[in-house]
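Just so it is clear, none of the values below were taken in a lab; they were calculated from the coordinates. This one's a predicted model, so the numbers in the text were calculated from it and none came from an experiment. Note that we place each Cβ from the backbone using ideal geometry, even for glycine, and neighbour counts take in every protein chain shown.
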Amino acid sequence: MITYTFYLAEFNGFSYVGSTKDFGKRTIDHYYNCFNQNAPKHNYYCYQKIRDAIDAPTCVEQFKKHYTIIAEISFPENDNLKTNIWEMENTFIRMFNTSLNKSMPLGNRFNKYEE
C-alpha cells in the first residue's frame with residue numbers, strides 16, 4: 001500500500017486540488033515554482049494567478065497556510081495505481097470546483113462525483 005495526500009490550496013478566491021506522496025516536498029515545490037523567477041514552471045498559469053492573489057510570503061511556512069489536507073488515502077501498489085489516484089483527484093477537483101486546475105488528470109469526461 002502507498003499513501004497519497006490530496007490537498008486543496010486556496011489563494012484569495014483561487015483554488016487548486018492536487019495529490020502527492022510527499023506533502024511537505026510538494027508544497028516546497030509549489031513555493032519554489034511560484035516565487036523563483038528561474039524555475040522552469042514559474043510562468044505557468046496557476047503560479048501567475050497565485051502571485052497575483054497573495055503577497056510574496058517570507059518563508060515556506062507562511063505559504064503552507066494556504067493549504068488544507070482533504071484526505072490521506074492508501075492505495076494498493078499495482079497497475080491501477082495512477083488511475084485510482086487520478087480518479088480521486090478528478091473527484092476532488094469537481095467537489096471543490098477549483099479555478100486553477102486547468103486540466104483534469106483523467107479528462108473532463110470522468111466524473112465520479114456526480115455518479
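A few notes on this one:
- Taking every Cα-Cα distance in segment 36-100 and sorting them into 5 Å bins from zero, the calculated P(r) comes out as 3, 12, 17, 19, 18, 16, 11, 4, 0 percent.
- Descending by average beta-carbon neighbour count within 10 Å, the peptides 47-60, 85-98 line up as 85-98, 47-60, the highest first.
- The local environment of GLN48, defined by Cβ-Cβ distances under 14 Å, has a net charge of +3 under the rule Lys, Arg +1 and Asp, Glu -1.
- Cα pair distances in the chain, grouped into 5 Å bins until the bin that holds the longest one, percent each: 2, 11, 21, 23, 20, 13, 7, 3, 0
- For segment 47-55, 3J(HN,Hα) computed residue by residue from phi via the Karplus equation (6.51, -1.76, 1.60; θ = phi - 60°) reads 6, 4, 5, 5, 4, 5, 8, 10, 6 Hz, glycine and proline entered as x.
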